[in-house]
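Each value in this text was obtained by applying a stated rule to the coordinates, not by laboratory testing. Everything numeric here is computed off the predicted structure, so don't read it as measured data. Because the Cβ atoms are built from the backbone with ideal geometry, glycine has one as well, and the counts that use them run over all protein chains shown.
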Amino acid sequence: MKAALMPVSPSATVKGCDHRLGANEEPPAGAHLITQRIGYVHHGIYLGAGKVIHSGAVSGLLPRGPVEEVSLEVFSRGRGVCIRAGMPTRFPPDEVIGRARSRLGEDHYHLLKNNCEHLCEWCLRGSERSYQVERLQNWLRPWHHFLCRLRCCLTWERNMYKEDHSCSSALRSALTRV
């Protein structure tokens, strides 16, 4: 059974897309599927016969929910679907599907630690990982350091006025150079 998908505009880009599915094209079984959402890319494993296993169905604004089997149409929500095929897999397609099915019903979704991309990476490569979360953490890291330094500076200044010298002199001198 071929899944009917909405055509994707050539100008639309999805990070990590290796092959965009055509309107009547069916992905190979065990394929890592991705589809664009507002602010993130959603991931799933294609089972065949128009079915996908994914985690974190959207209920409300943010994704959450159990690992479930849905139709390709429900997974895509009317958006274009891409196959992410550029990275080698550790398991053959039938084992990828078996691994995905073994997680059906699991309800431990966590945006940063156990999301749809973590699920797919585990099914395909044996380790849970989310490149989207890693990119976000890398983007936030300088801001985190800045805010920590700012907090320390403000605390040090406040303590100076109280004549509380709890900050070490090395830390004070490092902060004055910033």
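Calculate, in nm to one decimal, what Arg129 and Arg64 gain on full extension: separation in residues at 0.36 nm each, minus their alpha carbon distance.
21.7 nm
For Glu121, what is the net charge nearby, where nearby means another residue's Cβ is under 13 Å from its Cβ and Lys, Arg count +1, Asp, Glu -1?
+4
If you take the beta carbon distance between Arg149 and Met87 as r and set R0 to 35 Å, what does 1/(1 + (r/R0)^6) give as a FRET efficiency, to the nearest 0.05?
For R0 = 35 Å, the calculated efficiency reads 0.45.
With each pseudo-label sitting 7 Å past Cα toward Cβ, what's the Arg101-Ala49 distance in nm, one decimal?
1.0 nm
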